[in-house]
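Here the structure is laid out as structure tokens; the discussion comes afterwards.
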Amino acid sequence: MWSEFFAVLPQLLMNGLIAGGIYSLIAIGYTMIYGILRFINFAYGEIAMVGAYAAYTAIVWLHWPLWAGVLAALAVCSLLGVAIDFVAYKPLRKANRLSSLITAIAVSLLLQNLVALFYGNEIKTFREGPVEQGMNFFGAFITPTQVTIIATAFLLMAGLYWFVAKTKLGKAIRATADDMELAKVVGIDSEKVIRTTFALGSGLAAAAGVLIALEQNIEPTMGVMPGIKAFTAAVVGGIGSIQGAMLGGMLIGLVENIGIWFLPSGYKDAIAFVVLIFFLMFKPKGLLGGKLEEDVRK
Amino acid sequence: MIDLLGMWPYFLHLLIYIGIYAILGMSLNLITGYTGLLNLGHAAFWGIGAYTSVLLVLAGIPWLLALVASAVLAGLAGLLIGFPSLNLRGDYFAVATLGFGEIIRSILINWSEVTRGPLGIPGIPRPEVMGFVFESNEAFLALVLALAFLTYVFLRRLTRSSFGRVLRAIREDEIAAQALGKDVNKYKLTAMGIGAGFAGIAGGLFAHYITFIDPTSFVLNESVLMLLIVVLGGMGSLEGSLVGAVALVLLPEPLRLIGANSDITWLKTGFAQVRMAVYALVLLLVIIRLPQGLLGEGRNRK
């Protein structure tokens with residue numbers, strides 16, 4: 001058994017890395033918004049789904065090239081993220097945090113069903129051409145599309161990291177996450193920071209949605225599982241920490257792709273939930289979180 | 001002209017659904033409305049109840065006994081989920097229950113030797129009590145209403161007792177309740193167990209009404225609908241959950257009738273989506289505009 005396992009291990013690692021890159025992108029949105037508003041924007045998975053459909057519309061209906069479709073998805077979803085905040089979360093800034101969690105779930109459900117109404121429930125795709133030939137990479141097969149997925153995910157994460165670390169707006173985001181009241185005192189417009197964060201997180205989720213669509217079919221419910229897994233990734237990495245979200249995403253991708261070798265394949269989605277509950281119970285700080293433990297536990 | 005008398009079977013069907021959802025709403029209200037634990041996995045308890053009852057009845061156990069087993073097993077699942085999650089703060093408790101719900105769904109799908117997996121279990125007999133089979137929908141409605149009424153009476157007594165007052169105290173200020181010497185975790189667990197148990201009863205009813213179950217009936221969307229009943233009717237109001245169940249079941253029906261009697265094709269083919277979209281919109285509006293719900297306790301709740 002073990003010799004077989006080690007024979008396929010490179011492939012499992014590769015698959016885990018591809019899935020992990022996508023989870024990481026969505027997890028960043030969760031963790032950044034949590035860092036500032038201390039609430040779970042449950043709708044990121046659905047924003048990724050809308051991103052995939054926006055790209056589909058641009059590429060298949062309007063015959064735009066792939067890169068223009070990707071840009072359209074980013075633009076649509078950044079605006080959507082800000083709009084969702086304005087409609088569903090902003091009126092509840094002072095209310096119980098559970099209220100925003102419930103509206104976030106309502107927004108998810110609304111987006112799923114509106115997209116299903118408009119585009120239909122059946123699966124769609126904007127991939128074309130013959131099945132790609134995989135390249136052998138240290139014993140794992142990887143297609144050019146998968147190389148694109150991993151490269152894009154890493155480039156976007158590096159870009160975000162640079163933005164938050166170096167730009168003025170990025171510093172304002174960090175300051176607001178540290179202490180919103182104090183940030184206000186030094187003249188930081190917290191609502192502007194929140195809008196920027198929603199736009200950034202939603203843009204990354206849109207990119208994740210398009211990356212998923214490069215390899216898989218798209219359908220209105222495609223965002224649910226990646227959304228929940230990305231949330232798990234944010235918890236595992238330590239909610240509030242951007243590096244944690246990236247690390248957590250990779251870990252969830254790896255654990256589920258390696259774990260599934262040992263389990264019946266139908267349990268693939270359950271692995272992430274077991275990891276989630278394990279971390280909530282035994283390591284609520286996550287791997288890199290630290291200061292947010294009091295938020296998770298009482 | 002709409003033939004009202006001819007529509008009786010349809011109304012009967014809606015009334016049965018209202019009864020089942022009322023039990024689900026009231027039981028979730030005990031956990032979420034009274035105790036303040038946002039439970040996003042209630043459909044899993046419902047599913048455990050449904051599968052337990054069906055498997056036992058198909059194995060020759062009388063339905064009433066199977067129903068008791070459904071309540072017990074679902075209640076135990078509630079304790080099992082509640083116990084490790086008790087120390088989690090509000091939204092993380094919600095996510096943990098969501099995760100447990102998904103794990104249960106995964107088990108229902110994958111444990112095919114027992115549950116038949118995605119194929120589901122067809123040919124479930126109607127409930128039989130001491131030789132009487134609740135074969136007609138009229139008889140079944142009477143059964144559902146009787147059980148919904150018993151649930152209401154039991155939960156009303158429970159929530160108006162000193163036990164219920166402690167639950168509300170925990171919801172309002174857990175630390176204060178603890179400071180008064182209340183074993184907060186014991187109370188929360190009891191609420192989880194009882195609430196989940198009644199959801200199990202609703203499952204044992206539902207399965208023998210529809211006579212077919214598969215894992216798609218017991219998903220996150222259904223948990224959200226139960227939450228909508230509680231939120232719309234009002235947290236901490238059993239009567240509110242009754243109203244909420246009526247509203248949930250009746251709300252999309254005018255759209256269904258319009259769809260059936262007109263040429264609006266998207267309403268015909270996409271009714272399921274329209275229905276869920278309407279629910280989502282109502283949930284959104286109620287939380288923002290009417291946080292106390294229709295009959296909720298109007299006290300200074302945040």
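The values are calculated or read from the model by the stated rules, or taken from the named source; none is laboratory data. Just so you know, these numbers come straight off a predicted model, no measurement behind them. Using ideal geometry, Cβ is built from the backbone for each residue, glycine included, and neighbour counts are taken over all protein chains shown. Note: areas computed on protein heavy atoms with side chains; ligands, DNA, RNA excluded. Shrake-Rupley method; radii C 1.70, N 1.55, O 1.52, S 1.80 Å.
Assorted remarks:
- Each part gets one Cα centre, and for the stretch A:177-224 versus the stretch B:38-65 those centres are 40 Å apart.
- Within 10 Å of the Cβ of each residue in B:285-293, the mean number of Cβ atoms contributed by other protein chains is 4.
- Cα centroid separation, the stretch B:108-148 to the stretch B:182-246: 18 Å.
- GNM top mover of B:Glu113, B:Glu138, B:Glu239 - chain B, alpha-carbon springs below 10 Å: B:Glu113
- Mean Cβ neighbour count within 10 Å, used as a protection proxy, ranking A:62-72, A:18-28 highest first: A:18-28, A:62-72
- Straightening the chain between B:Asn185 and B:Met130 buys 15.8 nm, computed as 0.36 nm per residue apart minus the Cα-Cα spacing.
- Each of A:Val107, A:Ile188, A:Leu25 was placed along the dipole of the stretch A:2-297 (beta-carbon charges, centred on the mean Cα), and the one lying farthest toward the positive end is A:Ile188.
- Hits among lysines - C-alpha to C-alpha of A:Lys124 under 25 Å, sequence gap 8 or more where chains match: A:Lys229, A:Lys268, B:Lys268
- Each Lys and Arg Cβ is given +1 and each Asp and Glu Cβ -1; about its Cα centre, the stretch B:9-219 then shows a dipole of about 580 debye.
- Ordering B:Pro215, B:Phe163, B:Asn87 by the projection of their Cα atoms onto the charge dipole of the stretch B:9-219, which places +1 on the Cβ of Lys and Arg and -1 on the Cβ of Asp and Glu, puts B:Phe163 at the extreme positive end.
- Across the stretch B:9-219, the convex hull enclosing all Cα atoms gives 114 Å³ per residue.
- Neighbourhood net charge (11 Å Cβ-Cβ; Lys/Arg +1, Asp/Glu -1) for A:Trp261: -1
- Take each peptide in A:80-86, B:240-246, count the other Cβ atoms within 10 Å of every residue, and average; sorted highest first, the result is B:240-246, A:80-86.
- Calculated on C-alpha atoms, the gyration radius of the stretch B:61-164 divided by its Kirkwood radius gives an Rg/Rh of 1.04.
- Fluctuation leader among B:Ala196, B:Ala146, B:Ala71 - chain B, Gaussian network, Cα springs under 10 angstrom: B:Ala146
- Under the simplified labelling scheme, the A:Gln243-A:Lys168 pair shows an inter-label distance of 2.7 nm, with each label point 7 Å from Cα along Cα→Cβ.
- The protein assembly as shown has equivalent-ellipsoid semi-axes of 39, 29, 25 Å, by the square roots of 5 times the alpha carbon gyration tensor eigenvalues, sorted largest first.
- Inter-chain neighbour count for B:265-271: the average number of beta-carbon atoms from partner chains within 10 Å of each residue's beta-carbon is 2.
- Accessible-area composition of chain A, carbon plus sulfur, in percent [1.4 Å probe]: 68
- 10 Å Cβ neighbours from other chains, averaged over peptide B:154-163: 0
- Charge dipole of chain B about the Cα centre (unit charges at C-beta), most positive-ward option of B:Gln178, B:Gly203, B:Gln292: B:Gln178
- Here the simple spin-label model places points 7 Å from the Cα toward Cβ, and for A:Val185 and A:Glu4 these points are separated by 6.4 nm.
- Choice from A:Phe141, A:Phe273, A:Phe282 showing the highest fluctuation, given a GNM over chain A with Cα pairs closer than 10 Å: A:Phe282
- Reported value for the stretch B:161-285: 137 Å³ per residue, from the convex hull of its C-alpha atoms.
- Separation of alpha-carbon centers, the stretch A:1-63 and the stretch A:99-164, rounded to whole Å: 6
- Check: the stretch A:2-297 dipole with +1 on Lys, Arg Cβ and -1 on Asp, Glu Cβ, in debye: 860
- Packing, as the average of other Cβ atoms within 10 Å across residues, places the peptides A:35-46, B:20-31 in the order B:20-31, A:35-46, highest first.
- Applying 1/(1 + (r/R0)^6) with R0 = 35 Å to the Cβ-Cβ distance of B:Leu4 and B:Ala272 gives a FRET efficiency near 0.85.
- For the stretch A:11-51: rounded, prolate or oblate by the Cα gyration tensor [a/c cutoff 1.5]: oblate
- In a reduced charge model with +1 at each Lys and Arg Cβ and -1 at each Asp and Glu Cβ, the stretch B:106-169 shows a dipole moment near 620 debye about its Cα centre.
- Projected area, mean over directions - the stretch B:215-266, Cα convex hull, nm²: 4.7
- Taking Cα atoms only, the orientation of helix A:268-282 departs from the longest principal axis of chain A by about 40 degrees.
- With coordinates expressed along the principal axes, the C-alpha atoms belonging to chain A extend over 58, 48, 35 Å, beginning with the largest.
- Placing a pseudo-label 7 Å from each Cα along the Cα-to-Cβ vector at B:Leu255 and A:Phe138 gives an inter-label distance of 5.1 nm.
- Equivalent ellipsoid semi-axes, the stretch A:53-105, via Cα gyration tensor eigenvalues times 5, rooted, Å: 33, 9, 7
- Taking the C-alpha atoms only, the angle from helix A:168-178 to the longest principal axis of chain A is near 80 degrees.
- Across all Cα atoms of the stretch B:163-237, the radius of gyration (one decimal) and Dmax (whole number) stand at 16.0, 50 Å.
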